[in-house]
Amino acid sequence: MDALDVIESSANRLSMSQQNLKQFMSDHKKVKMFVGDEDLDIDRIHVNNALNKSQLARALNMRQHTLNAKIDRAISDNIIPQPLKQSIAHLFTRDHINALMEYMELPTYRSNKDPICIAVANQKGGIAKSTTTVTLGVAMALDLNLRAKILLIDLDPQGSSGTNLYNHAAQAGSSSNNDDLFLTGVDLILGEYEANSQNGEEYASAVNYFISEGATNLEAKIATALEATKPTHLPNLDVLPAFPSDERLTDIFGEMTLPQKEALFKHFNDIIDGIKQHYDIVIIDTPPQDAAFTWLGLDVANFILTPIKPSPFDVASSSNFLSNLRNRLEKLPSQGKNLRLWRSVITNHDSSSDDEVRIKLGLHRSLGANLYSSPIYKSVAFTAASALNRTIMDLKNADKVCSSRQLSSARDSFSAFYSQISADIESHFSKID
C-alpha cells in the first residue's frame, strides 16, 4: 500500500468513526422528560439551563406563593406550556422563563442601560479568546438580573464561536431568524461592495426585497443583518457566524481606495447602530491578527476586552497590541470616539506554574485596575464543553464530561470574572437621568 492508499484508507476509517461519534453525541445529549403526561426526549442542554420553582423564585427575588400564582396564570393564558417534569421536580426552561418574565413585565436591560458593543480583541492567538467570548455571551444570556438580548458576531474566519452556538433545532421556536438566509458578518460588511458579484447575490437579493416592501436602503441593510442572525439554545442569544470564505476580506480591503474603505467602515457602523436597536449587547469576536477584521470590530466598539495569557511570548505580543491600540483607534474613522471602556482579563491561567503566577502579578502591577482581579483558570472543562458545542455554563455534573471538581472550579473562576465585568457594565453604561 503506497502513501496515497494509506491516506485514503485512513480517511475512510476516520469518517466511519466520526459517524459513530456523532451518534454517540446525539444519544448523549438527550434526556427523558415529561411534559404534561407526554414522555419526551429533550436535548440535555435545555434541561441543564432550566430552573425549578424554588431556584426561579430566588433568581427573581420573589416569594414562592406569588410566583406560583403568576405561573398558574401564565399557563392558563397559554403564555407558557406546562413545565418539564423530572422525578418530582418541575423544571422551567429558558424559553419558559423568558416568556414568563415578559408576561410579568419585569424590567429589562434597556430599562436603565444603554445598548453596547463589546469587541474581544488581541492579536495573539491561543489565549482562549473565542472561548472567553462565547462563554461571556452565554453567561450574559443566562443572567436574569441583566435580562439582556445578546448577539454574538464572529469575525474570525477560522473561528467557530458562532457555528458552535448555532442550534438549528431552535429555529422552529424563533420568528426573527430566517433559516433560508445564510450570511456571515463579512458578507454583510462587503454586501454593498460585492452587490454586483456572485458573492454578493444573496445579500443584494435580501436588501432589494426589503426595499420593494417600502424600506429605505439603510432600513433594508439593517433588516437584512437582523434576518441573517441565527438562534441558539437560549431565547435571548443569537449569533452571526463566520466561515472560511470570509478570508477574502483581507485581499478586497487591500485593493480598496481610501474612500471605499471609509464607506465600508461607515456601512458597518450603520449596521451595528441598527442592530443595537434590537439587541442590548453585541459581542464581536475578532481574529488574532492586526487586519481589517479587527479594525472593523474596534471601530464600532464601546467596550474593548483584551484577554491575556500569562506567559512570556503571550505577554510580549499583547504588549505590542496594546502599545499600538491607541494609535490604531485614532486612525480609524470613529477616531476612538465610540469607545467608553477598556479592560483586560487573564485567561487560560495555570495557577500551578510559578512562572505564570509571577507574570500574573507583574500584569497586575502594570495594568492596575484595568486588569480584572479574577483570572479565568485553565481547565479541561472548557475543552470538554467545546467538544459538545457548549460552554461550561451549559454543563452539569450529570454530563460526566469531566470531574465535578474540574467543572465547579472552571465555573467559579469564570463567574468571578463575570461579576466584575457585570459591575463595569452597570457602572459605565447605565442611563443618566
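Could you list all residues from the stretch 339-356 that are surrounded by fewer than 19 Cβ atoms within 10 Å (Cβ to Cβ) and more than 20 Å from LYS124 (Cβ to Cβ)?
ARG340, LEU341, SER351, SER352, ASP354, listed by residue number.
Is it true that some residue in the stretch 308-319 is closer than 29 Å to GLU194 by Cβ and either aliphatic (A, V, I, L, M) or out of contact with any Cys (no Cβ under 6 Å at 6 or more places or on another chain) (or both)?
no
Go through (1) of a type in the set (A, V, I, L, M, F, W, C); (2) within 30 Å of PRO157 (Cα to Cα); (3) at pLDDT below 90 for ILE118 and report which single condition fails.
So the condition that ILE118 fails would be (3).
Cβ contacts < 9 Å: first residue not assigned by TED's automatic domain parsing to the domain that holds THR286, restricted to the stretch 144-156; second residue surrounded by 20 or more Cβ atoms within 10 Å (Cβ to Cβ) and not in a strand (DSSP E or B), any location; separation 6+ or different chain. Result?
From residues that are not assigned by TED's automatic domain parsing to the domain that holds THR286, there are no pairs.
Considering every residue within the stretch 398-406, establish whether at least one is closer than 21 Å to PRO307 by Cβ and in contact with a helix residue (DSSP H, G or I) (Cβ under 9 Å, 6 or more places away or on another chain).
Checking the stretch 398-406: at least one residue is closer than 21 Å to PRO307 by Cβ and in contact with a helix residue (DSSP H, G or I) (Cβ under 9 Å, 6 or more places away or on another chain).
Looking only at the stretch 189-230, count every residue that is surrounded by 15 or more Cβ atoms within 10 Å (Cβ to Cβ), in a loop (DSSP other than H, G, I, E, B) and among the β-branched types (Val, Ile, Thr) and tell me the total.
Result for the stretch 189-230: 1.
Give LYS396, LYS431 a once-over and let me know the one that is among the charged types (D, E, K, R) and out of contact with any strand residue (DSSP E or B) (no Cβ under 8 Å at 6 or more places or on another chain).
Selected residue: LYS396, the only one of LYS396, LYS431 that is among the charged types (D, E, K, R) and out of contact with any strand residue (DSSP E or B) (no Cβ under 8 Å at 6 or more places or on another chain).
Looking at VAL47, VAL138, can you tell me which residue is in the same structural domain as LYS276 (by TED's automatic domain parsing) and surrounded by 16 or more Cβ atoms within 10 Å (Cβ to Cβ)?
So the residue among VAL47, VAL138 that is in the same structural domain as LYS276 (by TED's automatic domain parsing) and surrounded by 16 or more Cβ atoms within 10 Å (Cβ to Cβ) is VAL138.
Please state which one of ILE272, ILE284 is touching a strand residue (DSSP E or B) at 6+ places or on another chain (Cβ under 9 Å) and not in a helix (DSSP H, G or I).
Answer to the selection: ILE284.
Answer yes if at least one residue in the stretch 90-105 is part of a helix (DSSP H, G or I), of a type in the set (Val, Ile, Thr), touching a His at 6+ places or on another chain (Cβ under 9 Å) and not assigned by TED's automatic domain parsing to the domain that holds HIS278, and no otherwise.
no
The values are calculated or read from the model by the stated rules, or taken from the named source; none is laboratory data. The structure presented is a predicted model; accordingly, all values stated were derived computationally and were not measured. Here Cβ is always computed from backbone atoms with ideal geometry, including for glycine, and neighbour counts include all displayed protein chains.
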